[in-house]
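Heads up: the structure comes next, in structure tokens.
The values are calculated or read from the model by the stated rules, or taken from the named source; none is laboratory data. The shown structure was predicted, so the numbers you read here are calculated from the model rather than taken from an experiment. Positions of Cβ are backbone-derived with ideal geometry, glycine not excepted, and every protein chain shown enters the neighbour counts.
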Amino acid sequence: MIDNRKKLAIANFKMTLNMSFEIEKWMETFQKATERLELDKSEIVLCPQSALLSYFVEKINKSGVTFGTQNCFWESKGAFTGENSPVLTKSLGGKYVILGHSERRAYFGETNESINLKIKAALKASLKPVLCIGESGKEKKSDETMYVITKQFNECLAEISLAKMEEIILCYEPVWAISANNPDHLPDSNEVMEVKLLIKKLVMKSYGERVANKVRILYGGSVKGDNVEEVCVSAGMDGALIGGASLLPYDLVKVVKALNN
Ligand code: PGA
């Protein structure tokens, strides 16, 4: 219960930390940066590449730090060369899985329908899905943000029961604001809050007020220590999905501290 109200700082390392010296350096810096960090009001979720998950779980032992992956397949086992089973993520010590990220949609052909299957498979494996939804720059310009988010919400969460919905974390991530897409500005706190209210209303409509008050809604897109106050805290978000800045443990800690307050 209380756990569900903790703020979440989810590190999406994407396809980085590829050389062992980079991994060791990151880990060493993370240990130092988090030495005195109290994680009673928040949780740091580290999502490295799947092949690194068990190494992270083994090496990082700090209360309040948990783990996840950046994708999973919609089947739990079988002849699916190259895919990652949600069951494996769970059995290696993962707790979360990021699903529906815009990079997966853009480069790997993921659709709301395939994301829906993945959410169901993740839930079946007792993982908590972190569902990313958000509009592209083009959609924003043509004023389709609310339409796109409503459609993604309804289709990605089709046939998800009330009890299962409580396990899901929603992340508003405007595609144009992701650092890899070189944004020239970020949404201000009012814009983020407006989408948060829409998402909350959608949860309320399908699952009722109790669930709507429980489900955490995060923001993602170029979050770092210097802007977390504006895009997350002032906007009343329950946490952040952090890409680029998660590679800098001291900046990650700055984000966590801001979320804590
Ligand atoms: P960013 O990435 O923080 O580097 O913008 C966030 C994400 O894509 O999840």
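Would you check which residues across region 168-203 are assigned to a loop (DSSP other than H, G, I, E, B), closer than 22 Å to residue 105 by Cβ and in contact (Cβ under 8 Å) with a residue 40 or more places away in the chain and list them?
168, 173, 174, 178, 186, 187
Can you spot a residue in region 157-165 that is hydroxyl-bearing (Ser, Thr, Tyr) and over 23 Å from residue 122 (Cβ atoms)?
Scanning region 157-165, I find no residue that is hydroxyl-bearing (Ser, Thr, Tyr) and over 23 Å from residue 122 (Cβ atoms), so the answer is no.
For residue 206, state whether it is assigned to a loop (DSSP other than H, G, I, E, B) and at pLDDT 95 or above.
Here the answer is no, as residue 206 does not meet what is asked.
A quick yes/no check of all residues on (1) assigned to a helix (DSSP H, G or I); (2) of a type in the set (Ser, Thr, Tyr); (3) surrounded by fewer than 17 Cβ atoms within 10 Å (Cβ to Cβ):
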{"position": "52", "(1), (2), (3)": "yes, no, no"}
{"position": "56", "(1), (2), (3)": "yes, no, no"}
{"position": "73", "(1), (2), (3)": "no, no, no"}
{"position": "79", "(1), (2), (3)": "no, no, yes"}
{"position": "106", "(1), (2), (3)": "yes, no, yes"}
{"position": "118", "(1), (2), (3)": "yes, no, no"}
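Suppose we keep only residues that are in contact with a helix residue (DSSP H, G or I) (Cβ under 7 Å, 6 or more places away or on another chain) and among the charged types (D, E, K, R) within region 217-242. Which one would you say is nearest to the ligand (Cβ to nearest atom)?
224
Which members of region 227-242 meet the condition of being more than 20 Å from residue 38 (Cα to Cα) and either charged (D, E, K, R) or in a helix (DSSP H, G or I) (or both)?
Matches in region 227-242: 230, 231.
Can you tell me which of (1) touching a Leu at 6+ places or on another chain (Cβ under 7 Å); (2) more than 13 Å from the ligand (Cβ to nearest atom); (3) not in a helix (DSSP H, G or I) is the one residue 158 doesn't meet?
Every condition holds for residue 158 apart from (1).
Of the residues 202, 198, 186, which is near the ligand (Cβ under 10 Å from one of its atoms) and aliphatic (A, V, I, L, M)?
Result: 186 is the single residue among 202, 198, 186 that is near the ligand (Cβ under 10 Å from one of its atoms) and aliphatic (A, V, I, L, M).
Looking at residue 39, is it touching a residue at least 60 places away in the same chain (Cβ under 8 Å), in contact with a helix residue (DSSP H, G or I) (Cβ under 8 Å, 6 or more places away or on another chain) and over 19 Å from residue 128 (Cβ atoms)?
On the way: touching a residue at least 60 places away in the same chain (Cβ under 8 Å): yes; in contact with a helix residue (DSSP H, G or I) (Cβ under 8 Å, 6 or more places away or on another chain): yes; over 19 Å from residue 128 (Cβ atoms): no.
Criteria not met by residue 39.
Can you say whether residue 245 is in a helix (DSSP H, G or I), hydrophobic (A, V, I, L, M, F, W, C), surrounded by 15 or more Cβ atoms within 10 Å (Cβ to Cβ) and away from the ligand (no atom under 11 Å from the Cβ), as far as the supplied structure shows?
So residue 245 fails the test.
Looking only at residues that are of a type in the set (Ser, Thr, Tyr) and either buried (at least 20 other Cβ atoms within 10 Å of the Cβ) or within 16 Å of the ligand (Cβ to nearest atom) (or both) in region 14-41, which one is farthest from residue 250 (Cα to Cα)?
Here the answer is 16.
Kindly indicate whether any position in region 126-135 is in contact (Cβ under 8 Å) with a residue 12 or more places away in the chain, away from the ligand (no atom under 16 Å from the Cβ), within 22 Å of residue 87 (Cα to Cα) and not in a loop (DSSP other than H, G, I, E, B).
yes
Sort out which residues of region 161-172 are more than 16 Å from the ligand (Cβ to nearest atom) and of a type in the set (Val, Ile, Thr), and write them in order of number. Explain how you work it out, then say what you get.
Of all residues in region 161-172, those more than 16 Å from the ligand (Cβ to nearest atom) come to 161-168.
Result: 168, single match.
Which residue, of 223, 255, 231, is closer than 25 Å to residue 183 by Cβ, without any contact (Cβ under 8 Å) to a residue 40 or more places away in the chain, within 17 Å of the chain's Cα centre (by Cα) and crowded, with 16+ Cβ neighbours inside 10 Å? Don't jump to the end; show me each part of the working.
On the way: 255 fails: without any contact (Cβ under 8 Å) to a residue 40 or more places away in the chain; 231 fails: without any contact (Cβ under 8 Å) to a residue 40 or more places away in the chain.
Unique residue meeting the criteria: 223.
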